Each structure stands twice: as structure tokens, then as C-alpha cells.
Amino acid sequence: MIEFHNVSKRYPNGYEALTRVSLQVGEGEMVFLTGHSGAGKSTLMKLIMLMERPSQGQVVVGGRNLDRLRPNQIPFHRRQVGVVFQNHQLLFDRSVFDNVALPLQIAGVHPREIGRRVRASLDKVGLLDHERANPITLSGGEQQRVGIARAVVNKPPVLLADEPTGNLDPDLSSDIMKLFCEFNQVGVTVLIASHDWSLIRSVGARVLTLEQGQLTHDGALQ
Amino acid sequence: MSREPGARGAHLSRTGIADVWQAWQQHHRNSALDSFGRLAETPLQTLMTALVVAIALALPTTLLLALGNVQSLGERWESGPKMTVFLKLGAQDAAIAGLRDKLRQMPDVQEHEYISPAQALQSFQAQSGFSEALAALDTNPLPPTLVITPAPTAVDPVNLETLRQRIAADPLVDEVSLDMDWVRRLNAIMNLGKQLVLALALLLGAGVLLVIGNTIRLEIESRREEIVVVKLVGGTDGFVRRPFLYTGFWYGVFGGLLACLLVSTGVASLGGSVRNLAATYQDTFVLQGLGLAGCAALVGSCIGLGLLGAWLAVGRHLSAIEPR
Ligand SMILES: Nc1ncnc2c1ncn2[C@@H]1O[C@H](COP(=O)(O)OP(=O)(O)O)[C@@H](O)[C@H]1O
Ligand SMILES: [Mg+2]
């Protein structure tokens, strides 16, 4: 589902954040991406989202070489990839419902259908009774779950999460990890950047480790 | 929205064309209402911007109207060109009568008036104030004159010239002059004026573009976060652009209507005094206003400027917000 072929990323300031990274994540797989801060985890995810372009090498998602995407195809690629951000990127000028509905409105889903799917998504993350609230009134864990609801509401085949439990206490973290496992069980390919070792160990999935932009480990956690 | 590229993957959600169409319409409605709502939230600021737009448009519109009115006034005063035929000094009365008979038979001549040397001298004395100097002359230096009004069918320059040559060919005729110079001069001045007003309108139109563009730029800045999120979850440029285009559209509507109001108020307040002034000249001239079609054209071009300004601003600033 996600393939990196010899991918390097050098930022305009000359810093090389990724060096010749090659990896493959199969359809329906769940994979953790670990590494110290600054190792290049976020950069790798940005390449999958086309928030950045690689300086070298190729990224293939769902069989499509992102190198060959024309600019007007980028939005359609992004609709295939749900993203959960560490800082959740919610909009505080609208309700929880409207935040989660945004990807559906963009994708051109029928307004009647939007209500049904937003509620299904909010129900999944346990926030159905908060749909009218403004996300600013919610706790950190709740905000993160709104972000997850928005990432999955359009049923993307790929779900990326960049340190989704970074600011949360252990109980909330394991709740959120459970959610990701559930999405994975229904066939979604899930890639989670995290350095919460106890959590990764509890899930027991495949782990990719980055060190200073290089892939140094691929497999089960030792 | 363009087609969805056929991505592979087991969990692709399907969305039909009809749904996309309905959602698109819905987004247009929502964008239009949302943009309107945002403008209504800051009524004073909106009014100020719309007023700047309105004044910038009302100015050239008023000048154009004024030119049009002066031109139609000129046409009223000079219904058509006249031809003045100077006969040879000492032409015999009988010969003159013969020429006048010939003129009566020309279809291109609607009517003519004979001014004898004595009549000419009299009116010249009355008008010029040289009466004593002229009275001192022992012979009348003025020639007999015919003033010809060409038939309406002969008023175009080519026919007029043919007519002039035919009359000039008569042995009795010394010189023929066409009295359309001042009409032509007025028209030339009017055309120059129109070009100046057009240049002014272009300048002010560019000003309107800048004003609306800048207002929208501020709006884009204040909604930066929202734009980034919309792009991250797959919003097309069209989707991002839409609410801002509607903002430009509304500025165009408000500005255009205000401009109509300004111009119409001006015309209405001047109309009374113009009618009074015309009455003192036994004229029934009425100041020509914008009319419904003029108002529609003004609002329409204002909306066009609003949309264009918004488009330019969004195009310039959206790429800067690209999340990459
Ligand atoms: N836009 C950027 N311009 C320049 N350097 C960047 C940019 N983004 C990230 N970096 C650098 O690239 C390295 C990897 O960053 P990142 O991918 O965010 O790491 P991680 O998510 O693993 O902490 C860091 O040293 C960071 O400073
Ligand atoms: Mg990071």
C-alpha cells in the first residue's frame, strides 16, 4: 500500500531529513514508526501526504507513483489518506460536527449522507453527545478523538497518525491506540509515528525505526 | 470538481455524480450565505469598503452621463448642418430668383432662406456694434446670401459635399460654406472627453481591484488555519477559492448598488435646476439619468471587478498557504 524506493528528503535549508529510505507497508498492515525526536518521522509522513516532495527516490501509495501526480490530482490523493496530527489541527470557529463533516463536504457527499456518516464516526470515538460543542471546550484527549473521527469519516484506505498520543496520559493513550487497532481490523492500512514504547509493545505490531533520517530497523520490537 | 482518479484500494468510498452535483450546489449556497454572513458581522467595515468601491465607480459614471447629456443637448441645438451660399456682389434680382427656383426643385434641399445685402447689413449693424462705421460706407460691402437647410436624406458627408459642389457650380455663386464646424468640434471634444473618462475609469477600476484584493487578502490571512486544514483533507483549489470569490461578489453587489444610488441621487438633485434653466431658453431638455439598463450595467461591471479582484488575491495568496 505504501512503498518508499530510495527516498531522500533535503529541506531547502540544506538539511537532509531522510537518507535513502526504502520500505514497504502492505495493504491492511499496521506499522509503528519510531525514532528519536528529529529522526525524520514527520517528514516521512509528509511525503506520503504530499505535504512535501522527495528530493530523490519514489513514493508509491495505493499503486500510484506520487511523482507522476499532477497538481490538480493532489487533493484527490489526500482524500485517500486520513491523517491524525499531533496538534490535531481542529478549527475552533465551528462545532465538532462541522469539523468532522469537512472531508465529506469537500468530497461532495450528499448532505443527508453527511449527517449519518459524521454521527457514525463520532459514535466510534465516543463523542456522539458532543457534536454541537465547540472543540475548544473539549479536553486534549477528546480533541484528539475528534481529529481521529475527521481522519476516518471518509473511510480512507490509509490512516496516518503523527504522535497521536504525545500529549496524553497512559489511560487515554491506550484508548486511542485501541481505536487504531479497530480501524486496522476492518482493513485500513495504519501507520503510527510514536515513541511510546510500552504502548507499541502492548500492540505488538511491526516497527520501523529511523535514526537521523536512516531506516535502521524493520520488524518486530526486540 | 473533476473526476476522482481511480485509485485502487478495498475501502474506497463511492460517491455518485448526482451526489457530487448536489453537494457542489450546496457548497455554493453555503459559501454565498457564509460570505454574506461574515460581511454582515462587520457592517461598518463592509460599508466602508463598498463605499470606496462605489465612489470609484460613481465618478467616471457621472462624467460619462454628463458627456452624454452635453452631446444630446448639442444635437438638440443643431438639428442639422446648414449651408451658407454667398452670391456674387451685384447679382441681379432676376438671376437670384432663377437660382432660388432651381433650389426649390432640388430634392436634397429642404428649404432655403434669402438674405438680401440690405437685410445682412441691418442685422450686422445691430449685432456688431459697428453701426456708425458701417453707416459711413457709401456702398454695401455685403453679398446677397442664401441659407440652405439640406433635406435629412442629404445630411451625410458625401451627399452634402455633392450638393455643395452642384450649388458652387452655378455662375451666380461666389462661395459655399458648410456651417457644421462647431458641431464637428463639439463632437471631437466629446470624443476626447470620453477617452479621458475611459482612461480615468480604467485607473479607478484598477483601484477597485486593489481595494477588493487587499480586503480579501486580509480575509485569507485571518482564515489561514482553515485553508491549511481544508487543503490537508483534500480540498481542491476551487473549493478553497469559492468563499472568497463570493466575498468579492458581495462587495461587487454592494458597491454597484451604492454607486447607482450615488449617481441617481446626483442626477435627481440636479434635474430640477436643469429643467428650470432649460425653461428659460424655451427648451424642454431633461437630464438623462442612468436608467434601469445603466444601473444593471454598473452593478454588473462592479460584480465583475469584485470577482476578478477576489480571484487575483486568492490566486496570489493560496499558493503561499500550500501546506508543504
Ligand atoms: N520545513 C523544514 N525545513 C527545514 N528543516 C526541517 C523542516 N522540517 C523538518 N526539518 C528538520 O528535519 C529533521 C526531521 O524532522 P521531523 O521529520 O519533524 O522529525 P521527527 O518528526 O522525527 O521529530 C529535523 O532535524 C527538523 O529540524
Ligand atoms: Mg514529528
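If you check every pair at least six apart or on different chains, which have Cβ atoms under 6 Å apart with a residue in segment A:47-67 that is hydroxyl-bearing (Ser, Thr, Tyr) first and a residue that is surrounded by fewer than 20 Cβ atoms within 10 Å (Cβ to Cβ) second?
A:Ser55/A:Ser8; A:Ser55/A:Arg10
Please list, ordered by first then second residue, the pairs with beta carbon atoms under 8 Å, 6 or more apart or interchain, first in segment A:204-222 and under 14 Å from A:Ile192 (Cα atoms) and within 14 Å of ligand 2 (Cβ to nearest atom), second at pLDDT 90 or above and part of a loop (DSSP other than H, G, I, E, B).
Once the first residue is under 14 Å from A:Ile192 (Cα atoms) and within 14 Å of ligand 2 (Cβ to nearest atom) and sits in segment A:204-222, its partners that are at pLDDT 90 or above and part of a loop (DSSP other than H, G, I, E, B) give A:Leu210/A:Gly35; A:Leu210/A:Ala39; A:Leu210/A:Gly40.
Keeping to segment A:57-70, report how many residues are more than 9 Å from chain B (Cβ to nearest Cβ) and on the phi < 0 side of the Ramachandran plot. Walk me through it before giving the result.
Initial filter on segment A:57-70 (more than 9 Å from chain B (Cβ to nearest Cβ)): A:57-60, A:65-68, A:70.
From what is left, the residues that are on the phi < 0 side of the Ramachandran plot are A:58-60, A:65-68, A:70.
The qualifying residues number 8.
Identify all residues within segment A:37-80 that are open to solvent by 50 Å² or more (accessible area, probe 1.4 Å), within 16 Å of ligand 2 (Cβ to nearest atom) and more than 30 Å from A:Gln185 (Cβ to Cβ); write none if there are none.
A:Ser37, A:Gly38
Just to verify a result, which residue in segment B:34-59, among those that are more than 30 Å from B:Val267 (Cα to Cα) and of a type in the set (Ser, Thr, Tyr), is least open to solvent (accessible area, probe 1.4 Å)?
Among residues in segment B:34-59 that are more than 30 Å from B:Val267 (Cα to Cα) and of a type in the set (Ser, Thr, Tyr), the one least open to solvent (accessible area, probe 1.4 Å) is B:Ser35.
In segment A:32-46, which residues are over 14 Å from A:Tyr11 (Cα atoms) and among the polar types (S, T, N, Q)?
The answer is A:Thr34, A:Ser37.
Check every one of the strands (runs of 3 or more DSSP E) wholly within segment A:1-112 and list those with 3 or more residues that are more than 16 Å from ligand 1 (Cβ to nearest atom). Break it down into steps so the answer makes sense when it comes.
On the way: elements: A:2-10, A:16-25, A:30-34, A:56-61, A:81-84.
Because the criterion is at least 3 residues that are more than 16 Å from ligand 1 (Cβ to nearest atom), the strands (runs of 3 or more DSSP E) in segment A:1-112 that meet it are A:2-10, A:16-25, A:56-61.
What is the one condition in (1) open to solvent by 10 Å² or more (accessible area, probe 1.4 Å); (2) closer than 20 Å to A:Ile48 by Cα that A:Leu159 does not satisfy?
(1)
Only one residue in B:Leu57, B:Leu51, B:Leu67 is touching a Ser or Thr at 6+ places or on another chain (Cβ under 8 Å), away from chain A (no Cβ under 14 Å) and part of a helix (DSSP H, G or I), so which one is that?
Working: B:Leu51 fails: touching a Ser or Thr at 6+ places or on another chain (Cβ under 8 Å); B:Leu67 fails: touching a Ser or Thr at 6+ places or on another chain (Cβ under 8 Å).
Testing whether each residue is touching a Ser or Thr at 6+ places or on another chain (Cβ under 8 Å), away from chain A (no Cβ under 14 Å) and part of a helix (DSSP H, G or I) leaves just B:Leu57.
Considering (1) within 13 Å of chain B (Cβ to nearest Cβ); (2) within 16 Å of ligand 2 (Cβ to nearest atom), say which one A:Thr34 fails and leave the rest.
(1)
Looking only at segment A:3-15, filter to residues that are surrounded by 13 or more Cβ atoms within 10 Å (Cβ to Cβ) and away from ligand 2 (no atom under 16 Å from the Cβ); which one of those is farthest from A:Leu191 (Cα to Cα)? Step through it out loud before you land on a result.
Here is the first cut: in segment A:3-15, the residues surrounded by 13 or more Cβ atoms within 10 Å (Cβ to Cβ) are A:3-5, A:7-10.
Those left that are additionally away from ligand 2 (no atom under 16 Å from the Cβ): A:3-5, A:7-8, A:10.
Values: A:Glu3: 12, A:Phe4: 14, A:His5: 17, A:Val7: 17, A:Ser8: 19, A:Arg10: 22 Å.
The residue in question is A:Arg10.
Can you tell me how many residues within segment A:71-103 are closer than 23 Å to A:Ile192 by Cα and more than 9 Å from chain B (Cβ to nearest Cβ)?
5
The values are calculated or read from the model by the stated rules, or taken from the named source; none is laboratory data. Just so we're clear, the structure is a prediction, and the values are computed from it rather than from any experiment. Don't worry about glycine lacking a Cβ; one is built from the backbone with ideal geometry, like all the others, and counts go over all protein chains shown. To get the accessible areas, we keep the full protein, side chains included, count just its heavy atoms, and leave off ligands, DNA and RNA. Shrake-Rupley method; radii C 1.70, N 1.55, O 1.52, S 1.80 Å.
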